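Beneath this line is the structure, given in structure tokens, with notes to follow.
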Amino acid sequence: MLNSDDLKERQRLAETYASMTDGELLKLASNPEALTEMAWETLEDELDRRHLELPPEPAQPPAHIDFRKLVTIRQFRDLPEALLAKGSLESMGIQCFLRDDNLVRLDWFISNFVGGVKLCVNPEDAENAQRLLDEPILEGMYVHGVGLYEQPRCPKCQSLDVNFQELDRPVAYLSAFLRVPMPIQRKGWRCHSCNAEWEDEGMQV
């Protein structure tokens, strides 16, 4: 049973909540940890009175990922390719993680040293994930963090199995070691189906 002081406090809270807009109430309800038990109960009463639903519980931050228990199924030099593969697996319900992607975001030179961006899955999903990634390449899809990604085609054979090459590995090692920009030896697209190489403005077979 509430004493007189508790009743006064509850009445004060009820009047305060009654003067707030729906948006203010919902914003307050999204952070229940900041409220006392009485404040939360009074807030629930006001939400019920207005027929407002409680906001969904905030997503819990992912637990620490132990990559030692995961299986690396692919390695990518370019982050967009890794994100595309990750999005493909997640769209099929396979939980997957990128490793070393933050390092590559900070400095693309590091990609060669760390072996590229690793796509990792749980051991029990490895076989199925490999099978899905080996299926025909999608022409395009929405990737979280990238937006609509349209896979380029080879201008010679129209294959989708292409990737962008920015720098030969030896040049990358030397440039990163000296911390001095080096002339780019190979820049452009390469088709893995017919081995054609081209830049955006033309093609070299």
Please verify whether the range 101-120 includes one or more residues that are outside any helix (DSSP H, G or I), under 21 Å from residue 191 (Cβ atoms) and at pLDDT below 90.
yes
In the range 23-57, residues that are surrounded by 11 or more Cβ atoms within 10 Å (Cβ to Cβ), in a helix (DSSP H, G or I) and not β-branched (Val, Ile, Thr) total 18
Every residue in the range 83-94 that is over 12 Å from the mean Cα position of the chain (by Cα) and not small (Gly, Ala, Ser), please.
89, 92, 94
Inside the range 59-82, the number of residues satisfying the requirement of being modelled with pLDDT of 80 or more, over 12 Å from residue 116 (Cα atoms) and of a type in the set (A, V, I, L, M) is 3
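The values are calculated or read from the model by the stated rules, or taken from the named source; none is laboratory data. Please read these numbers as outputs of a predicted model, since none were measured by experiment. A quick note on method: Cβ atoms are made from the backbone with ideal geometry, for glycine too, and the neighbour counts reach across all protein chains shown.
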